[in-house]
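S.K.: There's a structure below that I have some questions on.
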Amino acid sequence: MEKLIKVGDFVSVIDDIHQGVVVKIANNIFSIDIDGFLYDYNRADLVKIEKHLDNISVAPPKDFNMQSNRNKKSKNSSKISSQSKNIIDLHIHHLTNSERGMSKHDKLLLQLSTAKTKIDDAINNKNSKLIIIHGVGKGVLKNELIKLFDSYTNIEYYDASYQDYGQGATEIKIYNN
C-alpha cells in the first residue's frame, strides 16, 4: 500500500538524490521545494519519508506555514527511540553544509564514517533495526557499505522495502545479546 502524500510532507525522489517538501499538488503533479527551487514530479516518482530523518537538511519555503521540529533537540536526542524509524540518509548534501573542496574520496569517507557511527550508536542503544539510504548511483557507496556491514558479526542486511524507501536503501537488522 502506497503512503498517501499530501502538502507539507517530506518526500524523496526515486532514483535521485533529491528530497524536499511538497508545497502544491495539482492534476497529479506534485510541486516539491528542493533547496528553495520548485520541481514538478509525478506521484510514481516520489516516496514519502518521515520528518524525523537524521541530518535532514530540507525545509519548507519561508512562506509555507508548517510547524517543524527537525531542528529542535530533546534531552534524549542522543538516544534513538526504539519506537521511531531509524533512518540514516547518506546523501552527501545531508551530511555537510558544503561539498566545496571535497573530493569524491572525502565524500565517501564521510558517508562511511557516518554509517559506522550510526550503526555503532544503534548497537549501543540496543536498537534492532536501521534503514540506510545510500542512493543508486554507480554502486560505489553500496559496495563499501557491504564491506562495512560484513565487518559486524551481529547484523544482517538486505534491500529495504522498495515501496517504503524506493531503490537505494538497505535495511539492517541488529542482533543484540
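S.K.: Residues in segment 144-177 that are in a loop (DSSP other than H, G, I, E, B), polar (S, T, N, Q) and within 25 Å of Leu109 (Cβ to Cβ): how many?
M.R.: The qualifying residues number 4.
S.K.: State which residue is farthest from the chain's Cα centre (by Cα) when the search covers only segment 130-177 and only residues that are loosely packed, with under 15 Cβ neighbours inside 10 Å and basic (Lys, Arg).
M.R.: Across segment 130-177, the extreme among qualifying residues is Lys147.
S.K.: Would it be correct to say that Asn125 is free of Cβ contacts under 8 Å to residues at least 60 places away in the same chain and over 30 Å from Ala44 (Cα atoms)?
M.R.: Taking the combined requirement at face value, the residue satisfies it.
FYI, it's all coordinate maths here, none of it is from the lab. All figures in this text were calculated on a predicted structure; none of them were measured in a lab. As a convention, Cβ positions derive from the backbone with ideal geometry for all residues, glycine included, and neighbour counts pool all protein chains shown.
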